[in-house]
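The values are calculated or read from the model by the stated rules, or taken from the named source; none is laboratory data. Bear in mind that the values here come from a model prediction, so they are computed numbers and not experimental data. Every residue, glycine as well, gets a Cβ built from its backbone with ideal geometry; the counts of neighbours run over all protein chains shown.
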Amino acid sequence: MNAFRPYVWDPSLIIGQMVCMQAVFYASQSILLLAARIGGHSATVQTVFSPQVNFDSALVQLASELVCAFTLVRVVQRTRQCLDFVCTFHLFHLIFLILYNRLFPTELSWWLFQVFGITVCTVLGEYLCRKAESREIHLSQAAAKYEV
């Protein structure tokens, strides 16, 4: 495997990263809902788990996607795994939505918005991870003193 660092299969790390990303996804949505409620909007938990897309739910989820993209850099740290993690926490979101509403989302607008959100989060997350991976590694002055 040709990579910056070798990939080690560690299920507990992957589960921990997944739980962290899911928590960030819902925590950011909760904070944004609270801010919207303070601002006078009628945002509730139903806004997060609604199978319909409206302005409030779209805005909250899109902002949450941006927060998650920035979190991918710290939690996942690998460009190759961004799409996997984003699709996984959206799959869990779909499962939670089905459990909350007791129905499967059938609106095309909801599915298109989910694909749009996955795309935004993945592309921005991959860009930020690639940028972090390609940063220069600075060596200390002490090491430079002994160069031949």
Practice problem: Go through segment 33-63 and give me each residue that's over 15 Å from Trp110 (Cβ atoms) and in contact with a helix residue (DSSP H, G or I) (Cβ under 7 Å, 6 or more places away or on another chain). | Solution: Leu33, Ala36, His41, Ala43, Ala63
Quiz item: Could you say whether any residue in segment 74-87 is touching a Gly at 6+ places or on another chain (Cβ under 7 Å), crowded, with 18+ Cβ neighbours inside 10 Å and under 25 Å from Ala132 (Cβ atoms)?
Solution: yes
Exercise. Output the qualifying pairs, or none if there are none: Cβ atoms under 7 angstrom, residues six or more apart or on different chains, first residue in segment 118-130 and buried (at least 18 other Cβ atoms within 10 Å of the Cβ) and assigned to a helix (DSSP H, G or I), second residue of a type in the set (Lys, Arg) and at pLDDT below 95.
Key: Cys129/Arg78
Exercise. Mind listing just one residue for me: the one in segment 88-117 that is surrounded by 16 or more Cβ atoms within 10 Å (Cβ to Cβ) and out of contact with any helix residue (DSSP H, G or I) (no Cβ under 8 Å at 6 or more places or on another chain) and, of those, nearest to Met18 (Cα to Cα)?
Key: Leu97
Self-check item: Looking only at segment 95-111, and only at residues there that are part of a helix (DSSP H, G or I) and touching a residue at least 40 places away in the same chain (Cβ under 8 Å), the one that is farthest from Val48 (Cα to Cα)
Solution: Ser109
